[in-house]
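Enquirer: Encoded as structure tokens, here's the structure I'll be asking about.
The values are calculated or read from the model by the stated rules, or taken from the named source; none is laboratory data. Computed from a predicted structure; not experimentally measured. Here the Cβ positions follow ideal geometry from the backbone for every residue, glycine too, while neighbour counts run over all protein chains shown.
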């Protein structure tokens, strides 16, 4: 009998934790969602945002592109951030939690902060884990993830379109020999997550042959890493004799791959044509829109997303709030295109990627959250209301999304209401 | 040799330090992607003077053909990065609306930029992620047409005086900037 109030209290707490979702915004923060899903704005008009992560206590950490890291906390249970603190500096893209450590990357380093339980902002200075990665502005974001082996996997992009030398991106660009270049660019490197001040050469060169990847996440079931890669631009600028505006707008794929030791994704020699479902030679290396890549030489994509959508953060859905079909599938934010012009721009959405019982993608994907751009027909990224960049799953199974243009953070919840 | 060292220094600086990228687009002014002054400001760019890249021999224009269409060349060559409205892409490629390079009544700086690419901007090029390649594959007549078009359309005050192929030839044959 004595125990009853305590038992009741803990039951109540459990109910509150599980059942009481915050009230969504009437307009879902401007998003269009599948039936039963609602959304609301957690914070708005922050600086341009990049990747994000949510701590077990619900605190949100989101990178700014040019400045520090925001810590967002809701203190009154309405889901909206009441405490917004910015700490650190240097901008960048990557952020992830590992135990009490908050890892973060600029365009040249990976560092970590020790979090104090209960405190939103870390007390001490960051500890640098990887330093002086190549940074030549173009494709300089350094995303990272922790593998099934607990190691730190960090991307270094290729500051290039198709390694076309001084005329890269221009008419008649000719590919050069990328052998030396690829020794320090266009791949993932593996590092010890606890060892300070490692350089790229201290890391293990894990994969090669990609242009730029801002997407990496660990599958919670198979403990394998999956990545997406930004395909090349401007096929019709470089080789208008082979590619029309339409061909360029629809080529090449933004590809989705399993990241394996020794993976080679075929850049700068090849690209993946999503309509033909074939890997083709880049015009910088003798391609004409038809010539195929040497078979078996490069990893085959698991999904060929439409061209130029710009895949950003990937998050596997480990929560239980959403319907069962979402469990262990993945959400991927597409920041949206610019190089489809003069065709309308596309992307600007979060898609859901179903994974099968073997923890592999089925090959399909579906639009999950849409209307970030705020209009049906978009001529230029400048005209978009928002551009989704970060996605993260919260402790209660809500999905959070960040905005790289106007600093909005959304939380998407499943209420089951269908009006 | 000294020239080469200077160029390497510029490239090394470009690799090491990152200038603050352009600010985000203010909500109610969706077109103000980034102040074009960021790239356009240096009317007499100091470091760029060291970059003495000689542009390639001009392609031979077809004799007796119609005069090149500046708008068509802009659409095919420039708009892919600077966008059809000239406002660029945040962080990647600058807006050219009101650019000082375009707005200068003397076309020589603009012509050098078209012929030699963003390398002549020196430090200024670091405000955006992507480099502009030299567009010296265009003929003098084509560059004159597209320069005339952008001066009329994107200069702070529209410049009606057309650029001539002879002026392009001057820019092409000059080693470095005016």
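Enquirer: Go through the residues of region B:101-120 one by one and say whether even a single one is at pLDDT below 95, within 7 Å of another protein chain (Cβ to nearest Cβ) and surrounded by fewer than 24 Cβ atoms within 10 Å (Cβ to Cβ).
Expert: No, the conditions are met nowhere in region B:101-120.
Enquirer: Please determine, by comparing only the residues of region B:68-85 that are more than 10 Å from chain A (Cβ to nearest Cβ) and not in a helix (DSSP H, G or I), which one is modelled with the highest pLDDT.
Expert: B:69
Enquirer: So which residues in region B:137-159 are surrounded by fewer than 23 Cβ atoms within 10 Å (Cβ to Cβ) and in contact with a helix residue (DSSP H, G or I) (Cβ under 6 Å, 6 or more places away or on another chain)?
Expert: Within region B:137-159, B:141, B:148, B:149, B:155, B:156, B:158, B:159 qualify.
Enquirer: Check residue B:96 against each of (1) assigned to a helix (DSSP H, G or I); (2) away from every other protein chain (no Cβ under 11 Å); (3) under 30 Å from residue A:336 (Cα atoms); (4) in contact with a helix residue (DSSP H, G or I) (Cβ under 7 Å, 6 or more places away or on another chain) and name the one condition it does not meet.
Expert: Against the list (1) assigned to a helix (DSSP H, G or I); (2) away from every other protein chain (no Cβ under 11 Å); (3) under 30 Å from residue A:336 (Cα atoms); (4) in contact with a helix residue (DSSP H, G or I) (Cβ under 7 Å, 6 or more places away or on another chain), residue B:96 comes up short only on (1).
Enquirer: Mind checking whether some residue in region A:320-327 is over 18 Å from residue A:226 (Cβ atoms), buried (at least 18 other Cβ atoms within 10 Å of the Cβ) and within 14 Å of another protein chain (Cβ to nearest Cβ)?
Expert: The answer is no; no qualifying residue exists.
So that you can scan it fast, the table gives a plain yes or no per residue for (1) within 20 Å of residue A:79 (Cβ to Cβ); (2) buried (at least 19 other Cβ atoms within 10 Å of the Cβ); (3) within 14 Å of chain B (Cβ to nearest Cβ):
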residue: A:317; (1), (2), (3): yes, yes, no
residue: A:335; (1), (2), (3): no, yes, yes
residue: A:344; (1), (2), (3): no, no, yes
residue: A:347; (1), (2), (3): no, yes, yes
residue: A:351; (1), (2), (3): no, yes, no
residue: A:407; (1), (2), (3): yes, yes, yes
residue: A:416; (1), (2), (3): yes, no, no
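Enquirer: Still on this structure: On the basis of being touching a strand residue (DSSP E or B) at 6+ places or on another chain (Cβ under 7 Å) and either surrounded by fewer than 21 Cβ atoms within 10 Å (Cβ to Cβ) or without any contact (Cβ under 8 Å) to a residue 60 or more places away in the chain (or both), does residue A:366 make the cut?
Expert: Answer is yes for this residue.
Enquirer: Hey, which of the strands (runs of 3 or more DSSP E) in region A:109-184, taking only ones fully inside, have at least 2 residues that are modelled with pLDDT of 95 or more and closer than 30 Å to residue A:74 by Cα?
Expert: Qualifying strands (runs of 3 or more DSSP E): A:110-114, A:127-130, A:144-146.
Enquirer: While we're here: Which of the residues spanning region A:127-169 are surrounded by 18 or more Cβ atoms within 10 Å (Cβ to Cβ), farther than 30 Å from residue B:136 by Cβ and within 14 Å of chain B (Cβ to nearest Cβ)?
Expert: The answer is A:133, A:141, A:142, A:156.
Enquirer: Also, I was wondering about something else. State the number of residues belonging to region A:2-41 that are modelled with pLDDT of 95 or more and under 25 Å from residue A:72 (Cβ atoms). Reasoning before the result, please.
Expert: Looking only at region A:2-41, we keep the residues that are modelled with pLDDT of 95 or more, and these are A:21-41.
Filter once more, keeping what is under 25 Å from residue A:72 (Cβ atoms): A:21-33, A:37-41.
Final tally of qualifying residues: 18.
Enquirer: Restricted to region A:378-391, and to residues that are crowded, with 24+ Cβ neighbours inside 10 Å and either more than 11 Å from chain B (Cβ to nearest Cβ) or free of Cβ contacts under 8 Å to residues at least 24 places away in the same chain (or both), which residue is farthest from residue A:315 (Cα to Cα)?
Expert: Checked region A:378-391; the qualifying residue farthest from residue A:315 (Cα to Cα) is A:388.
Enquirer: Any residue that is within 14 Å of chain B (Cβ to nearest Cβ), in a loop (DSSP other than H, G, I, E, B) and at positive phi - is there at least one of those in region A:191-204?
Expert: Checked region A:191-204: no residue is within 14 Å of chain B (Cβ to nearest Cβ), in a loop (DSSP other than H, G, I, E, B) and at positive phi.
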